[in-house]
Amino acid sequence: MTSINATDEGPDSEVFPDLTRDVIDRMKDAANPRLRAILSLVVGHLHTVVREAGITHDEWFQAIDFLTRAGKMCSDSRQELILLSDILGVSMLVDAIDHVGGSGLSESTVLGPFYAGRQRELAAGESILLREEEGEALEMRGHVTDAHGRPIVGALVEVWQTAPNQMYDVQDEDQPSGHLRASFRTDAAGAYRFRTIRPVSYPIPNDGPAGQLLAAMGRHPFRPAHIHFMISASGYRTLVTHLFLDGDKYLESDAVFGVKPSLIIRPKEIDGLSTVEYDFGLAEEQGAVRLQVEALRSGHKYA
């Protein structure tokens, strides 16, 4: 049983310290030790925030209402909680902790809320457009290798991006489903190649709680122009990343903190066509990552 016994000890004493210890101690019989360890940290830090900020009943009810509204906005076509994770930098922090880096390996970044599952598989050099667009034509090409530069044959390269109207197909009922999305396989040299259009910067969905929080923090909702990649191959860790266009005015203030210098691309003209040549390096597979990716593809659409 907990009791309030700290408030009489002066203004600098900890409020209700027994409560925090009691909440954590009651998890001692949890079957999952990892869950117990994580929740112990969460409870400890959460209680510390409440104490240090002096959270009032009204403020806590506002927080509960905010999370309730965010949850109600989640569906098969929208994931508001991923947006919250992204704009608070949590997604990038988890990625940084869990990413396998090193020489010859590409840097990762957030999945984002618009992955819509595995798409049609096209031949090398085909276009990912399903209708004509006014954007500048762009060819993407390069190689997928291991950490030692050896080609990975048959790697699955999944790509997706926005249309010139700043919207993904899953946001825009006028776009054909699968527009500006596709999958490709690397050839015997580990090469991939496809045609698209120059991506544009765009705002993340800001008509819900995540957007309200951004506004309250005095931040804009924009992401710099980029193309998403998810690259997987048997025996290798799946790489989730973006390539960002050099010169975009939002590179230094990406709403989800996803930009890394190594992922900034500079198209050049080759045979009369704006072209990006970029090679990806994959790490050897670890643990249950592939199972997580397959569950993502088969069970959910994050849009």
(request) With the cut-off at 27 Å, report for the chain the share of all Cα pairs above it, as a whole percent. (result) 50
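Going through the range 136-176, which GluC sites (Glu not before Pro) have at most 15 other Cβ atoms within 10 Å and a DSSP loop state?
Those satisfying the criteria are Glu136, Glu173.
Using only DSSP helix segments of four residues or longer, with each worth -39500 (n - 2.57), what per-residue ellipticity at 222 nm results for the chain after dividing by its residue count and rounding to 500? Present the calculation step by step, with values, prior to reporting the outcome.
Numbers: 7 runs with 82 residues, N = 303.
Roughly -8500 deg cm²/dmol at 222 nm, from the helical runs in the chain.
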(request) Whole Å is fine, so just give me how far the alpha carbon centre of the range 111-172 lies from that of the range 178-220. (result) 10
(request) Taking only protein heavy atoms into account and a 1.4 Å probe, give the accessible area per residue of the range 1-150 in Å². (result) 64
(request) Assign one of three labels to the range 140-229, namely rounded, prolate or oblate, based on the Cα gyration tensor with a ≥ b ≥ c the square roots of its eigenvalues; rounded applies when a/c is under 1.5, prolate when it is not and a/b is larger than b/c, and oblate otherwise. (result) prolate
(message) Among Ala123, His45, Ala63, whose Cα projects farthest towards the positive end of the dipole of the range 1-143, with charges put on the beta-carbon of Lys, Arg (+1) and Asp, Glu (-1)?
(response) Ala123
(request) Determine, at each q value in 0.09, 0.15, 0.23 (inverse angstroms), the log₁₀ of I(q)/I(0) that the Debye formula gives when each Cα of the range 45-152 is one equal point scatterer. (result) -0.49, -1.00, -1.30
(request) Highest first, please rank the peptides 121-127, 243-249 by the mean number of other Cβ atoms sitting within 10 Å of their residues. (result) 243-249, 121-127
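The values are calculated or read from the model by the stated rules, or taken from the named source; none is laboratory data. Remember, predicted model here, so these are calculated numbers, not experimental data. Methodologically, a virtual Cβ is constructed for each residue, glycine included, from the backbone with ideal geometry; neighbour enumeration extends over all protein chains shown. Heavy atoms of the whole protein, side chains included, go into the accessibility calculation; ligands, DNA and RNA do not. Shrake-Rupley method; radii C 1.70, N 1.55, O 1.52, S 1.80 Å.
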